[in-house]
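Read the structure below first, then the notes.
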Amino acid sequence: MDDGNTNPICIECDGQLRTDGTETVCEECGLVSEENAIDHGPEWRSFEDDNSDRRRTGAPLTRSRHDRGLSTEIGYGSGSGSRLTGRKRRQLARMRREHNRARISTKAERNQVYGFTRIKRLITELSLPDAAREQACALFKSAQSEDLLRGRSLEGFAAAAVYAVCRTLSMARTLSEIVAISRADESELKAAYDALNRELGLSTGPIDPTQYLPRYASKLDLDTTIEQCAREHVETLLENCAIGGRNPSGVAAACLYVAANDCPDCEGITQASAGAVADVNPVTIRSTIHQLEECY
């Protein structure tokens with residue numbers, strides 16, 4: 001209410017009103033007389049410094065697809081809700097088939113689609129995050145750009161890309177775990193990984209043995225207190241620099257073995273069962289136990 005004046009007046013105390021953001025507030029009593037939260041900005045998003053670029057936003061780009069997710073698909077629904085005639089269905093089937101063929105125009109793109117599909121399956125089986133899938137697909141594409149796929153297995157490179165990402169992101173996944181769910185054997189994976197590491201210069205490093213402890217403790221049906229005790233054993237080995245050159249998976253299994261057998265409330269586990277979980281020989285378990293005893 002403004003009583004004919006140029007400045008609006010508060011309806012409660014006749015105080016002056018001021019606009020602050022999306023609210024009109026009285027300066028005297030603080031009454032919010034009007035609120036306008038409607039965004040009057042453009043419905044398009046500009047990616048430049050000015051407002052001249054009116055590109056619409058859509059689904060985010062992804063490196064896990066050969067076309068970055070920019071292609072379209074012909075769906076299987078009728079759209080109008082009514083049933084299509086047999087002639088119309090056959091026409092749509094032909095259009096869908098030709099459209100799918102046009103999306104993959106070269107052999108390189110076909111190899112990318114095949115490799116990205118295998119990477120997606122491995123990432124799902126290993127319960128890895130989507131960021132790992134994105135990085136593995138980008139690594140596979142980089143290997144293809146460097147002509148590393150020639151004469152080598154696509155399955156091996158897909159598995160090697162996933163293993164390399166696990167190494168670079170310090171995710172506790174062993175080589176045998178990836179081989180077990182991959183269609184590539186161990187020799188194909190190692191050959192592809194050696195090529196990736198040699199030609200692309202991957203920033204891989206040793207994995208912290210503590211990363212293996214939760215999964216191995218769950219497989220061995222061990223309590224969290226034993227897992228915490230095993231973590232202390234690993235930290236002791238790290239402080240004494242006693243695990244250099246050792247398999248981190250075997251170190252984790254050996255520390256769980258020591259913690260489980262030292263706990264009076266636990267039945268204990270065998271060296272064979274600990275080695276089977278970590279896919280190492282019982283000799284590796286015993287050598288790590290001996291090293292741990294020297295640290296104490």
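The values are calculated or read from the model by the stated rules, or taken from the named source; none is laboratory data. If you're wondering where the values come from, they're calculated on a predicted model, not measured in any experiment. FYI the Cβ positions are ideal-geometry reconstructions off the backbone, even for glycines, and counts take in every protein chain you see.
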Given (1) surrounded by fewer than 22 Cβ atoms within 10 Å (Cβ to Cβ); (2) assigned to a helix (DSSP H, G or I), A159 misses just (1)
Exactly one of S142, S170 is in a helix (DSSP H, G or I), touching a residue at least 24 places away in the same chain (Cβ under 8 Å), outside the structural domain of A252 (by TED's automatic domain parsing) and of a type in the set (S, T, Y), and that one is S142
Here the qualifying pairs (Cβ atoms under 9 Å; residues six or more apart or on different chains; first in region 100-120 and farther than 18 Å from Y163 by Cα; second exposed (fewer than 15 other Cβ atoms within 10 Å of the Cβ) and hydroxyl-bearing (S, T, Y)) come out as R103/S71; R103/T72
Sole miss for T225 among (1) surrounded by fewer than 16 Cβ atoms within 10 Å (Cβ to Cβ); (2) in the same structural domain as A136 (by TED's automatic domain parsing) is condition (2)
Within region 145-167, residues hydroxyl-bearing (S, T, Y) and either modelled with pLDDT of 90 or more or outside the structural domain of A132 (by TED's automatic domain parsing) (or both) come out as Y163
So D185, is it of a type in the set (D, E) and touching a Pro at 6+ places or on another chain (Cβ under 8 Å): no
All conditions in (1) surrounded by 12 or more Cβ atoms within 10 Å (Cβ to Cβ); (2) among the charged types (D, E, K, R); (3) closer than 30 Å to Y76 by Cα are true of K88 except (1)
Note: among D265, D185, D279, just one is within 24 Å of A158 (Cα to Cα) and loosely packed, with under 15 Cβ neighbours inside 10 Å, namely D185
Of the listed residues (Y212, Y193), the one being touching a residue at least 60 places away in the same chain (Cβ under 8 Å), crowded, with 21+ Cβ neighbours inside 10 Å and in contact with a helix residue (DSSP H, G or I) (Cβ under 6 Å, 6 or more places away or on another chain) is Y212
When restricted to A274, A242, the only residue within 14 Å of A217 (Cα to Cα) and surrounded by 13 or more Cβ atoms within 10 Å (Cβ to Cβ) is A274
Exception for T168 within (1) more than 18 Å from T204 (Cβ to Cβ); (2) touching a Ser or Thr at 6+ places or on another chain (Cβ under 7 Å); (3) surrounded by fewer than 19 Cβ atoms within 10 Å (Cβ to Cβ) falls at (1)
L126 vs (1) touching a Pro at 6+ places or on another chain (Cβ under 8 Å); (2) at pLDDT 80 or above: all pass except (1)
Region 177-296: helices (runs of 4 or more DSSP H) wholly inside it with 1 or more residues that are in contact with a Phe, Trp or Tyr (Cβ under 9 Å, 6 or more places away or on another chain) and aromatic (F, W, Y) are 186-200
Of the residues in region 171-181, those that are modelled with pLDDT of 90 or more and surrounded by 18 or more Cβ atoms within 10 Å (Cβ to Cβ) come to I178, V179
